[in-house]
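Following: one structure in structure tokens, then a few remarks.
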Amino acid sequence: MRYTDAPRRRDELLRRLRSAGYLSAAHAAADLEVSEMTIRRDLHQLAVDGLAVRVTGGARLPDGDGVPFELRSDRFAAQKTSVATTAAGLLPADATVALDSGTTIARLAELLPAGLTVVTHSVPVVTACASRPDLRLIGLGGVYNPATRSFGGPAVRAALQDIVVDLAVLSATAVGPDGVYCSDPYDAETKQALAAAARSVLVAADGSKLAARAPIRFAGLDAVSVLVTDPSAGEDAVRAIRAAGVDVSWAAAA
């Protein structure tokens, strides 16, 4: 089928990209009966919009946007472990802590100090905490999302209205001087509810996230107390985040 209208064509490319995680420009051009240069321009625009990442021969989804949890977990694994270790050391003793659903947070769940009350919608976090008699676990149920291995939706948001959290530890697809971003509107709503339930917010993001882009801002930096990142983060990006009033804690070099 020939797609001559750019908005419809880009919608179709995005649909295919989200289905497969990767899109070949040559194959898409043949399927949609347009030139490969046209597809490259479309993929460039999707990348500008934060909906795709250009790679040789085509494009892939941004981290966290439909990419399987296991694949995201393998990316920057050493940096994520270092960030998780540092974040674990910043958790207040005997506090109620909300843990988000990211791959770095899943690593953090394996390092929690005793005495915490853990509130989470993440299946990997529940799995890590359920066998710990020294932790109190509050699980948030809702609609299951296989890509994030977590629950979300109205049930999660409603439950958080009745829970007071000392600290919410959130993941992000991208962090910039104007806020914290993710790629899924459903996930964004859950992150916002976690932040709203908490007295303070810690964002755990390896250095690659400070150079990344994502389409949905779920929090401004005024909502973030602490960013934990690693030395791979760009100096200019860190300087801008500090200028916004966020305390930056450095994890050890991976």
Using θ = phi - 60° and Karplus 6.51 cos²θ - 1.76 cosθ + 1.60, couplings along segment 99-116 (whole Hz; Gly, Pro as x): 10, 6, 9, x, 5, 5, 5, 4, 5, 4, 4, 7, 10, 5, x, 5, x, 7
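As a test of reading the structure, rank 85, 173 by solvent-accessible area (1.4 Å probe, protein chains only), most first.
So the residues, ranked largest to smallest area, are 85, 173.
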Average Cα contact separation per residue, the chain, under 8 Å, 6 or more apart, as relative contact order %: 16
Packing-based ranking, highest mean first, of 146-153, 162-169 given that Cβ atoms within 10 Å are counted: 146-153, 162-169
Per residue value of the accessible surface for the chain (all protein chains in place, 1.4 Å probe), Å²: 44
Approximate spin-label separation residue 94-residue 143, in nm, with each point projected 7 Å along Cα-to-Cβ: 4.0
Cα gyration tensor shape for segment 177-217, rounded if a/c is under 1.5, else prolate or oblate: oblate
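Taking the highest mean first, how do the peptides 119-126, 108-115 order by number of other beta carbon atoms within 10 angstrom per residue? Don't skip to the answer; put the middle values down first.
On the way: 119-126: 24.4, 108-115: 17.4.
Going by the mean number of other Cβ atoms within 10 Å, highest first, we get 119-126, 108-115.
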Structure-derived semi-axes √(5λ) of the Cα gyration tensor in Å - corresponding label in [x] 34, 20, 16; [y] 48, 23, 15; [z] 26, 21, 18: [x]
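The values are calculated or read from the model by the stated rules, or taken from the named source; none is laboratory data. If you're wondering where the values come from, they're calculated on a predicted model, not measured in any experiment. Neighbour counts run over all protein chains shown; Cβ positions are idealised from the backbone, glycine included. Ligands, DNA and RNA are stripped out before the accessible areas are found, and what is left, the full protein with its side chains, is counted by its heavy atoms. Shrake-Rupley method; radii C 1.70, N 1.55, O 1.52, S 1.80 Å.
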